[in-house]
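One structure below.
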Amino acid sequence: MINAIKQSSKSDSQLAGLLNEAREYAQVYVLVRQRQKGCDGMGELATTKDEFRYVVDKMIQYSQEKKYIGDLSYAIDAIADEIVRL
């Protein structure tokens with residue numbers, strides 16, 4: 001899914017902006033997730049995850065409206081890791 005969005009973003013500046021925004025949120029989310037220990041930081045992690053999920057949902061909805069991708073379900077942690085590797 002991320003590869004299809006990445007390819008489509010080359011010719012769609014709005015999607016490129018959404019992907020860049022998702023990349024920024026993914027980097028923060030992955031960092032917070034890695035640094036979270038036990039119950040310390042659970043609130044920060046949950047908030048960061050919700051913010052990242054909102055950005056990803058916006059990017060996916062846009063991509064579906066433009067028919068770049070079809071209907072899908074995803075695991076937020078896997079998407080974060082994939083986006084960070086872009």
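Every number in this text was worked out from the coordinates using simple rules, so none of it is lab data. On a predicted model such as this, the values are computed, not experimentally measured, just so you know. Glycine gets a Cβ as well: all are built from the backbone with ideal geometry, and neighbour counts include every protein chain shown.
A few points about this structure:
- Residues Ile76, Ile5, arranged from fewest to most other Cβ atoms within 10 angstrom of their Cβ, appear as Ile76, Ile5.
- If only the Cβ of Lys and Arg carry +1 and only the Cβ of Asp and Glu carry -1, the dipole of segment 2-84 around its Cα centre is close to 180 debye.
- Helix 42-65 vs. the chain, principal-axis angle (Cα, 0 to 90°, nearest 10): 10 degrees
- Against the set (1) -0.78, -0.90; (2) -0.65, -0.86; (3) -0.92, -1.02, the structure's computed log10 I(q)/I(0) by the Debye sum over Cα atoms at q = 0.17, 0.20 Å⁻¹ falls on (2).
- The slack between Gln14 and Lys67, meaning 0.36 nm per residue of separation minus the straight C-alpha distance, is 17.7 nm.
- Sequence-distant lysines (8 or more away, or on other chains) whose Cα lies within less than 27 Å of Lys58: Lys6, Lys10, Lys49, Lys66, Lys67
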